[in-house]
1. Condition first: within 30 Å of ALA420 (Cα to Cα) and not in a helix (DSSP H, G or I). Now tell me which residues in segment 1-40 satisfy that.
2. For segment 384-406, check the following and say yes or no: at least one residue is within 30 Å of LEU329 (Cβ to Cβ), in a helix (DSSP H, G or I) and open to solvent by less than 10 Å² (accessible area, probe 1.4 Å).
3. How many residues does segment 229-250 hold that are surrounded by fewer than 17 Cβ atoms within 10 Å (Cβ to Cβ) and on the phi < 0 side of the Ramachandran plot?
4. Of all residues in segment 61-92, which are part of a loop (DSSP other than H, G, I, E, B) and either surrounded by fewer than 19 Cβ atoms within 10 Å (Cβ to Cβ) or at positive phi (or both)?
5. Where the second residue is modelled with pLDDT of 95 or more and aliphatic (A, V, I, L, M) and the first is over 13 Å from LEU436 (Cα atoms) and lies in segment 457-480, which pairs have Cβ atoms under 6 Å and are six or more apart or on separate chains?
6. Checking ASN74 against (1) under 18 Å from PRO61 (Cβ atoms); (2) at pLDDT 95 or above: exactly one of these is not met. Which one?
7. If I ask for residues that are at pLDDT 90 or above and surrounded by fewer than 16 Cβ atoms within 10 Å (Cβ to Cβ), which ones from segment 365-380 would you list?
8. Need pairs with beta-carbon distance below 6 Å; first residue touching a residue at least 40 places away in the same chain (Cβ under 8 Å) and within segment 410-426, second part of a loop (DSSP other than H, G, I, E, B) and charged (D, E, K, R); sequence gap 6+ or separate chains.
Amino acid sequence: MSIIVRRLHRGLMLAATLALLFSFLVYLLYAINLIPFPFDYDQGEGFELRDAVLFSQGQLPYRDTEVYPFYSSNYPPLYHLLGAPLVWIFGPAYWYGRILSFLASLVSACAIGYAVYRDGHRHLWLAALSGLAFLASNFVYHIGPLFRQHTLMVALETAAIVILARAFPGRDKRGIALGLLLLICAGYTKQLAAITAVAAFAWMFLRQPRAALPWAAAFIGFGALIFLWLNLASNGHWWTQTIVANVNQFHPFQAFGLFVLWFQLHGFLLVPAGLLICYETYFDRLSIYAIWFLFTALLGGIASGAWGAGDSYFTTSIAAACILSGICLSRSLKAARRSPPWLQRVLDGPAWPILLLAPLLYLGYARATLKMPTGGAFAPLASFLRVEPNTRESFYDSASFDVPGYANIGYFVSEEDEAAGRRIVDLIKESEGPVLSEEAGFAFLANRDVVSNPTQLRNLYLAGSFHGDRLIEMIETYQFGLVILRAQFYPTPILQAIGRAYEHWQTVRMNRFDYLILRPKSGASE
């Protein structure tokens, strides 16, 4: 019977591997499809590129939004600094930022696999499945190949935690310094990494309080010096644009819905992760992975309810869950193989329940997180699996788009989408003067100024730090040749001014969204 069980185990492990590899294939094709697309796919990508362009010119993107071009960034600089040399070489383009993010997601997966292999009794197959599981997550899939800084932040966080897990207990000063430096880099990639930093130091103080204190002082001091320099160099706009503008309205139902969706999609990993945390609590000592998971799942999940946040705020907790679940299953297999002979006789062979359970969990997870095109080359497989599109035409996402805050992306772009974008660019080129657009990609290709950052202006307005008198004056005096709206994220007074001075001219559909092209109202030039 044990031979049959072992063969069945290998068969199920192979099936789980193929299922997760299929998920990775879809992710890879999604990246290949998206990387060369020359326009915004996710709202905000163009403004990330604008930051990289400003850094390439030796300028900070933290600016006074009351003066033309009414633009500022609300994100830390590291991701954009990495893109600045590529701007020098290739000019403004989306593809290199998307490649950087995609590679960062692979770094996270490799770090997860390494942690499971190193700390989970060197079970290579389970380590590989743990890394693939991270890439299979719907939340990771959406943001992985975008020109956004979140994926790089997660990669830096994950690498830092994996290094500290061994370096701090072993008093490896170089390793500790490297891990903390990576945490600082993560924080200056995106502010959300502060949660991981707090989790890391909480664990360090639990393990060795005296050793943790000087490291904490050095970490805070170094991070504060960078913060102070950025604030001074930007005449105080760093504080206003990256701190004040990021205190957004909290929507409890959005956070609750995302928590539920997070568990529905990742429950097959969250259960073994939770079991390992319980074991460490009662029979061992809490690992850095456990503390990291608890902090990022709770605080990151709560933060996901803020306006402008969403499912990506759970990504770090998914990395932690992949490590914990992989270690839990690997250690369970090891412990079962060492079980007493009498227990092995009862089980008719060592560890057969664990041998079957481990791959079944990964198979269940692969099905729970399934996302795939349903047309073209995927149509026969979709028909065989009885998978029908449930989000956009010709695309299936197991999470659907029904939960507020869940990214309405992931489908593939088409030649028609690119043609639609170029139609908008042609309209801009035919117009006179600057263009007020909710997305920056059109302005880049039309060689026009990138004017404003709508979500940033909205957040500043709600915080009482933006009035927009000059922008309203330019709108009401018809100084913009066109206004391009997609989601109408501008502050209410700006939208009201647009409504008074501009009229709808055309609607161009791109990436399944309607872009409203507005021009000055008839008689405006009289």
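1. Looking only at segment 1-40, we keep the residues that are within 30 Å of ALA420 (Cα to Cα), and these are 23-40.
The answer is ILE35, PRO36, PHE37, PRO38, PHE39, ASP40.
2. As a first pass, look at segment 384-406 and keep what is within 30 Å of LEU329 (Cβ to Cβ): 384-387, 396-400, 403, 406.
Remaining after also requiring in a helix (DSSP H, G or I): 384-385.
From what's left, open to solvent by less than 10 Å² (accessible area, probe 1.4 Å): none.
The answer is no; no qualifying residue exists.
3. First pass over segment 229-250, keeping only residues surrounded by fewer than 17 Cβ atoms within 10 Å (Cβ to Cβ): 229, 232-233, 235-236, 239, 243-244, 247, 249-250.
Still in the running and on the phi < 0 side of the Ramachandran plot: 229, 232-233, 239, 243-244, 247, 249-250.
The number of residues fulfilling the criteria is 9.
4. Looking only at segment 61-92, we keep the residues that are part of a loop (DSSP other than H, G, I, E, B), and these are 61-77, 91-92.
Hits for segment 61-92 are ASP64, GLU66, VAL67, TYR68, PRO69, PHE70, GLY91.
5. If the second residue must be modelled with pLDDT of 95 or more and aliphatic (A, V, I, L, M), the pairs left are PHE466/LEU457; PHE466/LEU460; GLY468/ILE494.
6. (2)
7. Residues of segment 365-380 at pLDDT 90 or above: 365-374, 378-380.
ARG367, ALA379, PRO380 - these are the residues of segment 365-380 that are at pLDDT 90 or above and surrounded by fewer than 16 Cβ atoms within 10 Å (Cβ to Cβ).
8. Final answer for the pair search is TYR411/ARG392.
The values are calculated or read from the model by the stated rules, or taken from the named source; none is laboratory data. All figures in this text were calculated on a predicted structure; none of them were measured in a lab. Methodologically, a virtual Cβ is constructed for each residue, glycine included, from the backbone with ideal geometry; neighbour enumeration extends over all protein chains shown. Ligands, DNA and RNA are stripped out before the accessible areas are found, and what is left, the full protein with its side chains, is counted by its heavy atoms. Shrake-Rupley method; radii C 1.70, N 1.55, O 1.52, S 1.80 Å.
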